[in-house]
Amino acid sequence: MTVFSKLLFGTMHIKSYDLLACEGKQQPEVKNQQPKVRLAKVKTNSDLTAPCNTSILYPEDGGNMHCFTAVTACAVLDVLGPPYNDDEGRHCQYYFDFPSSQFSVDGVVVPDEEKEGYGWLQERDRPADLVVRGELYRGPPFFK
C-alpha cells in the first residue's frame, strides 16, 4: 500500500517507521511477548505545519507505518492505494511504539548514537477514541 497524506490546515507531528530488514535472517522480535514486538527504523519524526508538501509513504521503504498526532487543530487527507481489504491481506493495523532501549534481542545491537533512530512496535487493537471516515473515490479513473 502507498499512502499520500496532505495536511490541509494546522500543525501535526508525524512519526513513521519501516520494519528492520535483515538480509537472509528473520526479522528480530522480542520472544515470549504477545502480541509480537518487532524492531523498526524511524524514517520521520517531526512536526508539519500547513501549507506543506504532500507526504508519500511507500510499502517497503518510506515509513508506511505511521502515527499522526495533532499539535494544533488540524485536518489530514489520506489517500491509500490500494485500499485496506482484510480479504486481500491489507489490514489496518495499530501499534504501541517503545524506545529501542526498552527491549533487547540476542544478536541485535543498536549503537548508542543510533538508538533514537530505532523503536519497537507492538500490534494493538484500534484505539477506542479514534475516528476514521473512509469514502470510496468516485472521480475519473487514474489508469486506462
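The values are calculated or read from the model by the stated rules, or taken from the named source; none is laboratory data. Just so you know, these numbers come straight off a predicted model, no measurement behind them. No Cβ is skipped: glycine too gets one built from the backbone with ideal geometry, and neighbour counts run over all protein chains shown. What goes into the accessible areas is simple: the full protein's heavy atoms, side chains included, and nothing from ligands, DNA or RNA. Shrake-Rupley method; radii C 1.70, N 1.55, O 1.52, S 1.80 Å.
Listed values, structure above:
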item: Packing-based ranking, highest mean first, of 83-89, 69-75, 119-125 given that Cβ atoms within 10 Å are counted; result: 119-125, 69-75, 83-89
item: Residues whose placed amide H lies under 5 Å from that of G10, excluding near-sequence neighbours; result: A50
item: Surface share of carbon and sulfur [accessible, 1.4 angstrom probe, percent] for the stretch 41-81; result: 55
item: Peptide ranges 51-61, 131-141 listed from the most packed, as the mean C-beta count within 10 angstrom indicates; result: 51-61, 131-141
